[in-house]
Amino acid sequence: MKILTFIKSTDFFGEGINFSINRYSSFKTVQGGLLSISIYILYIYIFYIFGLDLIFKQNPNVYSQIKPIKIDDLVPKLDLNSSEFIFGVRLEDYLGNNIEMEQYLFPKFNYVNYFLNKTSKEFEFIYESIEVVKCDKFKDILNRVSVSSYNLSTFVCPDFSKIERGIQLGGYWDDIDFKYLQLDLSICSDQNLTNCKDIKNIEKINSKEPLLVSIIYPEVIFDAENYTHPFQFKFRNHYNFLSTKFQSIDELFLGHNILTQDAGLMFEEKVEINTTSITRIINKFNIPTVLPTDISKLIYKYTNDIYWCYLIFDKNYYSHSRRYAKLQDLIANVKGFMELNIFLLGFFYKI
């Protein structure tokens, strides 16, 4: 009897009356008490379920968009870390097998400044040669990306650690100051054409199967559910055709990935996480209007570069925001959810 009395005392669905029964101003029943106890248990369960997001930092509100960089200067710029792996390149056949680049072409990296000379009012180029090294020199990338399926010693990379003033990217072809990194795959080692590879070797390969330029680079993937490491790195491959009949051109855009995160328990606590990666790639082809019958004349008289790759700073950046539930959100969510359920249960209970 005492148990039934206790159950009846918890009933908050009882109908109100104008006099009291056993000191209560509403008529309480065992059925109403059982339903009320179920509501209390549901309160605890819902509080626990909603509280998991707060405790373990799960299911944040996420928003992503591409934004233009806001700057005071006319041309936004990006300083490169001299020890950072940005991209590597090699030659491959159509099955993905490595082809020794040095046997067929000369890879050349240059840091280029294309700018408007204020005195002459003409645009000028300044080239600074950058050392070419095997990509396995960049050990730091092994800590961020799984490279088990890639032999980095078969790829060549730019090494600008010896440039004391550093490398700074910024601008584009339509700006008055354009700084970029350029890769040339050339038949000859210099513009005087004194040291050249035999072009027939490339033509021989192309006559049997397509010759490809393979570029590998670490891509940034935003993982909204990963609280500790929201930016994940994964190797990507980009391919372009290589031929002596046209010039292949790739534009690699290096941009910012910025995450603004609010993980405060009760009050706003914003932190910003920033990383850079290649955000997009544009393919182009430069085909002369008149093709000579002798392909060698095209290469040696028109240009001895059959592939160009430009590393350019992206004027847009990928913006991500992530907000985790706060204590007041938890209380409001539980209260709103339970009030709706109590209303519905009370309605059907009184029918």
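Read-outs throughout are calculated quantities, based only on the coordinates presented, and are distinct from any laboratory measurement. Every value quoted in this text rests on a predicted model; they were computed, and no experiment measured them. Using ideal geometry, Cβ is built from the backbone for each residue, glycine included, and neighbour counts are taken over all protein chains shown.
Taking 7 Å steps out from each Cα toward its Cβ at Asn226 and Asp329 produces label points 2.1 nm apart. For Gln168 and Glu268, a Förster radius of 51 Å and the Cβ-Cβ distance give a FRET efficiency of 0.90, rounded to the nearest 0.05. Taking every pair of alpha-carbon atoms in segment 97-227, give the share separated by more than 25 Å as a whole percent. Here the tail beyond 25 Å accounts for 46 percent of pairs. In a fully extended conformation the segment linking Lys315 and Leu42 would gain 93.1 nm over its present Cα-Cα distance, using 0.36 nm per residue.
Divide the volume of the convex hull around the Cα atoms of segment 62-323 by the residue count and you get 164 Å³ per residue. By the equivalent-ellipsoid construction on the alpha carbon gyration tensor, segment 144-202 comes out with semi-axes of 26, 24, 13 Å, ordered largest to smallest.
Could you work out how much longer the chain between Asn192 and Asn81 gets when fully extended? Use 0.36 nm per residue separation minus the Cα distance between them, nm to one decimal.
This chain segment gains 36.6 nm when fully extended.
Stretching Glu209 away from Ile55 to a fully extended chain increases their span by 49.7 nm, per 0.36 nm per residue minus the current alpha-carbon distance.
Would you please state which residues of segment 300-342 a label at Ile66 would reach in this model, taking the label point 7 Å out along Cα→Cβ and a backbone N cut-off of under 19 Å? Under 19 Å, as judged by backbone N against the label point of Ile66, lie 310-321 of segment 300-342. Taking the fewest neighbouring Cβ atoms within 10 Å as the starting point, the ordered list for Asp198, Asp314 is Asp198, Asp314. Residues of segment 93-114 falling in the label zone of Glu131, defined by backbone nitrogen less than 14 Å from a point 7 Å along Cα to beta-carbon, are 109.
Which of Val156, Val133 has the fewest other C-beta atoms within 10 Å, and how do the rest follow up to the most?
Val133, Val156
Of the residues Thr154, Thr119, the one with the fewest other Cβ atoms within 10 Å heads the list, and the complete ranking is Thr119, Thr154.
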